[in-house]
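No value in this document is a laboratory result; all are computed from the given coordinates. Keep in mind that what you see is a predicted model, and the values were worked out from it rather than measured. Backbone-built Cβ (ideal geometry, glycine too); neighbour counts: all protein chains shown.
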Amino acid sequence: METQAQYSDQELIQKILGKESGLFEIVIRRNNPFLYRIGKMYHFSHEDTQDLMQDSYVQAYTHLSQFENRSSLKTWLSKIMVHECYRKSKKFETTHTESLDNNLTLLEKKGTLETTHKVMNTELNSIIEKSLLHIPEDYRTTFTLREINGLSVSETAEILGITESNVKVRLNRAKTFLRAEIEKSYNKEEIFEFNLIYCDDMVNRVMNKIASI
């Protein structure tokens, strides 16, 4: 959509609440990568993650008037997605994993684990995938929100319902776990990225659902 960068989040919310519901497409496109990473870090399959994303977007749309602008829209959506993932993970005793598509975000290990957001087309090595998924869920989720999705410490704390100090502790432990896993075989790890080929499909799914509300 050509107008994707034209509106701020607050402007989008005002217009959507003003009956310009078609603009919710921009919200979806802006936040697909963030929500997808959250779903994958809860060990959900690609299909389950898409379902959770759809549910999260529909929840956000139907409750958009309740958004109080006390945090960013991305933070609010992430909080909804985390809640949906938590609900589903508790509903089922086992979770599902699968090999991912290309388009990955690389994390370069330079002494300590520093993050970059360079997306490249490559196959996800199964050993690296397993290393990432072996990180305890609390640490993995914190790492995803803070380092991969680029949220601040305060935003991450708000989403997870923990203190900022706990965010920092979890993040450091996540890096330690991840570094230990990767150093068994590799000097770098690859993090899931929502492949752009799925973006249009997610937009269509959510917008069709919204149209039926």
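Some points to look at:
- Neighbour-count ranking [beta-carbon atoms within 10 angstrom, fewest first] of Arg170, Arg70, Arg30: Arg70, Arg30, Arg170
- With neighbours defined as other Cβ atoms within 10 Å of a residue's Cβ, the residues Met81, Met202, Met207 order from fewest to most as Met207, Met202, Met81.
- Exposure proxy for Ser154, Ser65: other Cβ atoms within 10 Å of each Cβ, ordered fewest to most, give Ser65, Ser154.
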